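Undergrad: To start, I am sharing the structure in question, which I have written as structure tokens.
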Ligand code: N01
């Protein structure tokens, strides 16, 4: 093994480059490699964190692991997969970080990454047709193309409970967990939030802490992960199938290894049901209720405490099954069922105040804690981009443009932001897709678009306002045919007080999405103005 490159902590100021990418997770690393190594563009990544990996760099809370199995959750690039094997079917954050080290050794990424570098402002200068990008530490970069690969979880959400700052114990947001870890042994731990993060955090903390108290507003309709160890030889023997696996993944709705079954729910007898594959489940409330009933029966059987059983798996369906992300758990219900742990229903008894040594709920009950883990999620999908000082050609900030709703074209570009492209963000397949699949389908389009621009001597492209109207309508209409709008989820922007309620993700599936995007590219950038 050759050691990986040290990060570049210095670069010219001002920096002149062809392509400035923000974010060094799956998206940014993919774009850097394709644009630099295949097309010969000069590229630089600005990354706010200290390492590659994006979400796997930031998320190091106990239990952080991906809930998509490998090799579906990895790059399809042969030079990366050919001699890499995993230890677990659903790898944890440590193994995913090792994967990024491997990617770096294979593709030599870090030499073009400026770490600890946060973008705070950017605008397009029309006369020079260049983006002018400013960083928090006062440096400037000029780039012909500005690519945002900041992911959907770049802005943390902290609810505004009174007294939050007064807590004297340790308090951490899940995505800002201390790198060196937190010693939970013998501690009374509060976990607030039961999204994918809260479930993982509670499940693993319960193995170390004295007690874990979960504050749940909405039950997570979590499914068994069926984790298993993977064997090196078994994986090496299967490498011959990888090209087909990666080809097939792009043909499925969510960029996975499987798709919806051709059947509807009631085509099968209740005894042979199995969840999440019936094609009507996300469209038909009766079919969806069947899925819930099935889940309920299996889950309630795992919880012996009747109070916890009714909170964790209530008889009344909290929302349609699958319209909020079901976490994949390993022994979450068994851990919560243990007598030392508690589940508080904060819909019935909301949090009233955080005090210096614990949490007071509205029923007057005070619980003492040593550690509070905030698994309260993110201003997802749009929050990160709205927070970067992105100005359009008239100087209007993106946060203003998106104040009352989100507008983009193809979920990759915005009118008034020439030559700026983003991926794994607003109005793309993002939340409804496997991350690496989404990154590759959008990344490939961006790469091809930039090649075409260069080949045809086009200085820049900028989507028309009408194109954005069309895309927003498209995103909304597709979503309105599903059950997604029926729940208050981050998919719908409904997890953040005051945020516009709208579908933030493209729910038409990867193949249809790709077709739409290609249609523009193959028809002289239909929907864009070119200059
Ligand atoms: O965030 P979330 P997350 N009072 O927004 C609760 C991916 N991910 O970090 O549901 C009380 O889903 C909120 O309650 P409610 C994955 O795509 C993947 O868990 O809004 N509670 C909810 O329970 C995931 O979907 C993996 O009623 C409050 C929780 O906090 C996405 O990231 C692992 C509250 C937030 O859940 C985000 O997941 C982790 C308040 N004021 C994450 N405010 C894997 O691959 C919020 N909540 C496994």
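Since every read-out is calculated from the coordinates, none of them should be taken as a lab result. Everything quoted here is computed from the prediction, not taken from an experiment. Neighbour counts run over all protein chains shown; Cβ positions are idealised from the backbone, glycine included.
Undergrad: Where the second residue is more than 14 Å from the ligand (Cβ to nearest atom) and part of a loop (DSSP other than H, G, I, E, B) and the first is free of Cβ contacts under 8 Å to residues at least 12 places away in the same chain and within 22 Å of residue 330 (Cα to Cα) and lies in segment 83-101, which pairs have Cβ atoms under 9 Å and are six or more apart or on separate chains?
TA: Pairs found: 95/86; 95/87.
Undergrad: Go through segment 358-409 and tell me which strands (runs of 3 or more DSSP E), entirely inside it, have 2 or more residues that are buried (at least 19 other Cβ atoms within 10 Å of the Cβ), touching a residue at least 60 places away in the same chain (Cβ under 8 Å) and within 13 Å of the ligand (Cβ to nearest atom).
TA: Output list reads 371-374.
Undergrad: Being within 15 Å of residue 88 (Cβ to Cβ), under 19 Å from the mean Cα position of the chain (by Cα) and surrounded by fewer than 24 Cβ atoms within 10 Å (Cβ to Cβ) is the filter here, so list the residues in segment 192-232 that pass it.
TA: 225
Undergrad: So, residue 117, is that one touching a strand residue (DSSP E or B) at 6+ places or on another chain (Cβ under 6 Å), part of a loop (DSSP other than H, G, I, E, B) and away from the ligand (no atom under 16 Å from the Cβ) or not?
TA: Taking the combined requirement at face value, the residue satisfies it.
Undergrad: Would you mind stating whether residue 160 is within 29 Å of residue 499 (Cβ to Cβ) and within 9 Å of the ligand (Cβ to nearest atom)?
TA: Yes.
Undergrad: Follow-up. Within segment 126-139, is even one residue assigned to a loop (DSSP other than H, G, I, E, B) and buried (at least 16 other Cβ atoms within 10 Å of the Cβ)?
TA: Yes, the conditions are met somewhere in segment 126-139.
Undergrad: Take the residues in segment 163-200 that are touching a helix residue (DSSP H, G or I) at 6+ places or on another chain (Cβ under 7 Å) and within 11 Å of the ligand (Cβ to nearest atom), then tell me which one is nearest to residue 312 (Cα to Cα).
TA: 199
Undergrad: When only residues in segment 313-336 that are within 15 Å of the ligand (Cβ to nearest atom), over 30 Å from residue 506 (Cα atoms) and not in a loop (DSSP other than H, G, I, E, B) count, which is farthest from the chain's Cα centre (by Cα)?
TA: 336
Undergrad: Hey, another quick one. Go through (1) loosely packed, with under 15 Cβ neighbours inside 10 Å; (2) outside any loop (DSSP other than H, G, I, E, B) and name the single condition residue 497 misses.
TA: With (1) loosely packed, with under 15 Cβ neighbours inside 10 Å; (2) outside any loop (DSSP other than H, G, I, E, B) applied to residue 497, the lone miss is (2).
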